[in-house]
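Have a look at the structure below before the remarks.
Nothing in this text is a laboratory measurement; each read-out follows from the coordinates by a stated rule. Note that the structure is a prediction, hence the values are computed from the model and not measured. So basically every Cβ, Gly included, is an ideal-geometry build from the backbone, and we count neighbours across all protein chains shown.
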């Protein structure tokens, strides 16, 4: 994380002419989403005229999207790739340019009483990781290299993928078809939970594993991320996603979140995730300390 603190947004802490505004803030249940949720919650809670309500950690992508569109919840963070592929109206067309994807997701949201703020700089797209020693020995640095290595009769690696990645339309089956990856029957192919794929790599039980670009385990020297050289994976940039009537009436909410959003590059979010996943800190503590040290209030 950068050492220099970022100045806060220009929105005022002063209460507007209206009564206090309730903002119910949710998230999905995994670590990164909880951190993002608490960053928004704690940032908005410090505004005098906002009554922030913590509903963080409940619900999946669809339930959060629908609850926010209905006004039962007011704000959470959604990923552009998830919104495009998994949420209404759901699209099959692959768009790998981040700006183009965001514009189209934003248009979908607008039609459903939702507004998306500008997304964070980082993308938490899927990645294919390899045991670093195996990758060096096999001269595999890209996913195309992996496919060619197997097709050309090289030693077939064991593969571990998380369960969601195995079943998703943009997951393993789509990737294997796109890159023409053939897995050998004699090598292990393990479908497991998120996070355990890296442990299987460390134990040398597999040589290839699925992961996410912001996983702190990717900082290990024993792991190499294979380049997605044919741009299969879509960008997954998180954007504050809110009930549109709330933002229309109080645009200061997005203004207040803007410095937080812009502070979150890939190395920063990996560091925050690491504190929770590897060090055992609570997401609320991690988010609060980040705001206090990296995103300073201007009041």
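Could you work out the Kirkwood radius for the chain, taking every pair of different alpha carbons, averaging 1/r and inverting it, reported in Å?
On the way: mean 1/r = 0.0493 Å⁻¹.
So the Kirkwood estimate lands at 20.3 Å.
Using 1/(1 + (r/R0)^6) with R0 = 35 angstrom and r between the beta carbons of residue 199 and residue 152, what's the FRET efficiency to the nearest 0.05?
Values: r = 30 Å, r/R0 = 0.84.
Computed FRET efficiency for residue 199 and residue 152 comes out at 0.75.
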Under a GNM of the chain (C-alpha, springs under 10 Å), which listed residue has the highest mean-square fluctuation: 48, 228, 279? 279
Estimated [θ] at 222 nm from DSSP helical runs (n ≥ 4, -39500 (n - 2.57)) normalised by residues in the chain, nearest 500: -11500 deg cm²/dmol
Residue order, fewest to most surrounding Cβ atoms within 10 angstrom, among 210, 156, 20: 20, 156, 210
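Residue 180 to residue 248: FRET efficiency via 1/(1 + (r/R0)^6), r the Cβ-Cβ distance, R0 51 Å, to the nearest 0.05? Intermediate results must be reported in sequence, preceding the final value.
Working: r = 48 Å, r/R0 = 0.94.
The computed FRET efficiency comes out at 0.60.
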For the chain, find the longest principal axis of its Cα atoms and tell me its angle to the long axis of helix 266-277, 0 to 90°, nearest 10. 90 degrees
Nitroxide proxy distance, nm - points 7 Å out along Cα→Cβ at residue 19 and residue 164: 3.8 nm
Points 7 angstrom from Cα along the Cβ direction at residue 96 and residue 110: gap in nanometres? 2.8 nm
Mind jotting down the distance between the C-alpha centroids of the stretch 84-127 and the stretch 212-255, whole Å? 10 Å
Among 74, 250, what is the fewest-to-most ranking by other Cβ atoms within 10 Å? 250, 74
I want to check the label-to-label distance for residue 72 and residue 281. Put each point 7 Å from Cα in the C-beta direction and report it in nm to one decimal. 3.4 nm
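Give the order of 34, 266, 28 when sorted by the count of other beta carbons within 10 angstrom, beginning with the fewest.
Values: 34 20, 266 15, 28 23.
Starting with the residue having the fewest Cβ neighbours, the order is 266, 34, 28.
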